[in-house]
Each structure stands twice: as structure tokens, then as C-alpha cells.
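Following: one structure in C-alpha cells, then a few remarks.
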Amino acid sequence: MSSTNQTNLNSPGRVITASLVGTTIEFYDFYVYATAAVLVFPKLFFPSDNDTTALLASFAVFGAAMVARPVGALVFGHMGDRRGRKATLVVSLLTMGIATFAIGLLPTYEHIGLMAPFLLLVLRLTQGFALGGEWSGAALVATENAPAGKRALYGTFPQLGAPIGFIIANGLFLTINALLPHPEDSLLASDAFLSWGWRIPFLFSAVMVIIGLWVRLRLVESSAFTEAEKRGKIRKLPIGDTFKHHWREVILGTFIMLATYVLFYLMTSFTLSYGTHAADGAPAGLGMTYKSFVLMQIIAVVFFGIFTAIAGPLADAIGRRLTLLWTTGAIVVFGLALPFFFSAQTDSSFTGAMVQSGLIIGFTLMGLTFGPMGALLPELFPTNVRYTGSAVAYNLSSILGAALAPIIAVALWSAADSTWPVGLYLAAAGALTFIALVLTRETKDIDYDRASADDETSEPESDLAEVPLP
């Protein structure tokens, strides 16, 4: 079956909807936890006399999901490269939805003691396991069905699930918190919200999962996979082929994603902690209310979405590598300037605080670096290990970046009572990503179904050079 015919079966609208809706739900589930990790869980699951200790414990469980993501990448990557993209995406979405819904039903430390954080950890690991298989499959659904010359554009649709999921998750948290009785002098959540209101966003995920499953079950398998299957080129053990013939691409892809992860989790989880921490506390924060700071984040995330959409056509026009080199250089500069933004809260107005926080700049850079990843990482690998290779690289980076970023940032901020070490941490991550990009070839004009040089010499039966470019 030709790519053209397959693309007609998977119409552009169906491809866009399936890749966007699924990742929106997955990221919504992930961000619901990220917000609760700052707002709720330190008090309800990790009670301590020291606020920083409770917050670090909550972030440790948050980060544990990132450790589970590479395991999910291996399992779902194997399934995706052996059984197809469609079935794998359905299973990953269902797994994430069940785990998120169950978190909304958990009893707290007050009711069952240490069993509460243990069960939270198990469900958080399940979330990470599911997300480990989600992103790569959604990116492949988009890019393997993309018209010629528009892979990066189509690759931005699953990426847009990140800002949309963030806005829905935090908007729902904000709305529920605002509707409940709330002391005027409280920086964070109301008693009613801490008692039961926080559960609503977790339980609401069930509705979103049902919608996502309906959309994904209507997909048709991509031509790249069906052609490889027809020619008998499906590998028995994709992970073995990946590390045997494409280990260099795995390492480069891992570090290419590093700055993206560190930047995002600093701009979301860490800044929420810093922004809502008392200005006269130890360490000192901005002393803003939860409502004000989350509104600032939501506004800034709109820029994240806009520049994610811009980055796709830009990467198609000038190349993924050049787009990301310029963006990563800007991230390094932003990291060095971060302490000046965070320490310059001299304007008490909302608009002034919005400008001085640096959130808009940070999320703009996030969009520019995240947008091309939906095309670049899958393009590093051939069809028969593409799901596994891109998933492993993407999720190994989550350990180095996402899992450690909030913990390292809070520890550095607490130790120095300043944000300048946090800025240096971001700049260092950007420098590592810049080096990885320098060592990576441009993938803009490659035949998406070609074999790599290694595969052509050591695995001549590879299907990748034989299937027409979508």
C-alpha cells in the first residue's frame, strides 16, 4: 500500500485529532500531578515540620515517574515496533487514565499512614510507565502520515498537547480552588480544596480518556509500518537492534532533549514553588498567591503553544538542527539571566510581575525547542526501530532532565537562598544540548523510510530504503 493511499485513509483531520487529543490527555494527567505535588501532596501525603523537606519528598515521588518512563519506552516501544502504533497508543492512554483516576481516590497519610505515600508512588510510577509509550507513538502517527516536506509541521501536533494539557489541568485546579472558601491571607489552597477539591481534576481524567480512546480507535495503521510488516522486516527484538546499530542516535537524542526538559520543569514545577513561597521565608520566594502565579503561568503557556506551532514550519523551512541550535543558545543566555528575572520583583502590579518573572520568555523558548522534537527524534531512527529508538531517547532524557530538575532546583535554591545556581543549572543543561546538536546530522531532507548507514551495511534486509517518502 502506498503512502498516499494510507494518508487518504488517515485523513489530515484524523491524524491531527488523534495525535493532539491523546497527548493532551496524557499531559493533562501528568500536569495534574505536577500541580498537586506543589499544592497538595506535601501537606496530605508527606507531612513534615519542615516545608522544604515535605516539598522535596513530594518532588521525589514526582521524579520517580521519570525513572519509570524508560521502562515504559522499552515495553511500549517493543509493542509499537512489533504490533503497530495504533494498538500501542490505545493501551498507553488507558493505562495513564486508570492510574490518574485512582490517585483521585487515594486516602491520605492522616487515614492510612505510610501506606498513602507508598500507593501514591505506585500510581505515579504507573503514570510514568504509560507516558513512556505515549509521546513516541503520537509523534509517529503524525509524522508517518505527513505529506512530503511537512513532517516537522505535523510533528508539532502531538507537541501541542503539552501546553493545552497544562492549561486545562491548571485552569481546572485554579477554578476549583477559586470557587471554594478561601482565606484572603492564604498564599496557597483553601481547607476545602485540601480536603476534597483536589480530587476533582484527577477524577475528571476519566471523561477525557473515554474521548481519547474513541478518537484513537478510529485510526488506521501508518503505511511505513504496514509496508515493513508486509515485507517481513519487523524485528523480533527491536530494543536489541536499537542499541546494537543505533546507540549513537539514542545518546544524542537523549541529550538533545535535555535542555527542553530542564527548562519546562523549571518553568512549571519549580517556579510554582518559588513564586508561592513566602518572601520572608527560608529560602525566600516571591510571596505571591497561588491564584496570581498560576494565572501568570497559564498566560505564559499560551506563548508556549503559539511558538510550538511556529517552530514546526520553521524547522521544515530551515532545518531542525539550525532551528534548535539558535534556540538552545538562547536558552543558555536565558539561564544566565534567570536570577535577574526572579529577583527583580519590584512592580507589585500583575502586569509588572508578569513581565519581570521571565515566564513569557521561558515558555516562548520552550515552544521553539519542543516543537521540532516531534520530527527530529523519530527521524534519527529507521521504521522498524523508530518507536523504540525515539521513545528510549525521549524518556532517558526525562531522568536527567525532568526527574532531577525540580529536586536539584529546590535544593540549590534552599542551599544558596538565591536562584542564581538554578540559572547556572539551566545554562549547563543548554550547553550539553548544544554540543549534542553540533554532533547530530540534519534530518530535514532524509527519506523517512530509508535505512541508516549502519543498517545498510550490517542489516541489508532493512525496509527503510524501499518505502516511498510520505
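Points to keep in mind about this one:
- Of the residues in the range 375-385, at least one is modelled with pLDDT of 85 or more and assigned to a loop (DSSP other than H, G, I, E, B).
- Conditions (1) more than 18 Å from the chain's Cα centre (by Cα); (2) crowded, with 24+ Cβ neighbours inside 10 Å; (3) of a type in the set (D, E, K, R): number failed by Asp49: (2)
Okay, residues lined up against (1) buried (at least 24 other Cβ atoms within 10 Å of the Cβ); (2) closer than 19 Å to Val302 by Cβ; (3) among the polar types (S, T, N, Q):
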position	(1), (2), (3)
Gly362	yes, yes, no
Thr369	yes, yes, yes
Gly374	yes, no, no
Ala391	yes, no, no
Ser397	yes, no, yes
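- Selected residue [part of a helix (DSSP H, G or I), closer than 24 Å to Gly133 by Cβ, in contact (Cβ under 8 Å) with a residue 12 or more places away in the chain and in contact with a Leu (Cβ under 7 Å, 6 or more places away or on another chain)] from Ala429, Ala436: Ala436
- The residue pairs whose first member lies in the range 237-265 and is in a helix (DSSP H, G or I), whose second member is among the charged types (D, E, K, R) and surrounded by fewer than 24 Cβ atoms within 10 Å (Cβ to Cβ), and whose beta carbons are closer than 7 Å, counting only pairs six or more residues apart or on different chains, are Pro238/Arg82; Asp241/Arg235; His245/Asp454; His245/Asp455; His245/Glu459.
- Remark: Pro107 falls outside the filter, which requires a residue to be free of Cβ contacts under 8 Å to residues at least 60 places away in the same chain, touching a Ser or Thr at 6+ places or on another chain (Cβ under 9 Å) and within 18 Å of Trp198 (Cβ to Cβ).
- Here is the figure for the range 297-326: residues that are in contact with a helix residue (DSSP H, G or I) (Cβ under 7 Å, 6 or more places away or on another chain) and closer than 17 Å to Leu439 by Cβ total 5.
- Pick from the range 409-435, criterion over 17 Å from Thr327 (Cβ atoms) and aliphatic (A, V, I, L, M), ranking: modelled with the highest pLDDT: Leu424
- Members of the range 8-43 that are surrounded by fewer than 24 Cβ atoms within 10 Å (Cβ to Cβ), of a type in the set (A, V, I, L, M) and closer than 24 Å to Thr143 by Cα: Leu9, Val15, Ile16, Leu20, Val21
- Residue match in the range 195-203 (condition: closer than 26 Å to Ile299 by Cβ, at pLDDT below 85 and either under 25 Å from the mean Cα position of the chain (by Cα) or surrounded by fewer than 20 Cβ atoms within 10 Å (Cβ to Cβ) (or both)): yes
- A single entry from Gly212, Gly275, Gly240 fulfils the requirement of being within 23 Å of Ala405 (Cα to Cα) and either within 20 Å of the chain's Cα centre (by Cα) or at pLDDT 65 or above (or both): Gly275.
- Qualifying residue in the range 26-34 (condition: among the hydroxyl-bearing types (Ser, Thr, Tyr) and modelled with pLDDT of 80 or more): yes
- Residue in the range 55-62 that is aromatic (Phe, Trp, Tyr) and modelled with pLDDT of 85 or more present: no
- Within the range 449-464, the set of residues being touching a helix residue (DSSP H, G or I) at 6+ places or on another chain (Cβ under 7 Å) and either at pLDDT 50 or above or more than 18 Å from Arg248 (Cα to Cα) (or both) comprises Asp449, Ser462, Asp463, Leu464.
The values are calculated or read from the model by the stated rules, or taken from the named source; none is laboratory data. Just so you know, these numbers come straight off a predicted model, no measurement behind them. Don't worry about glycine lacking a Cβ; one is built from the backbone with ideal geometry, like all the others, and counts go over all protein chains shown.
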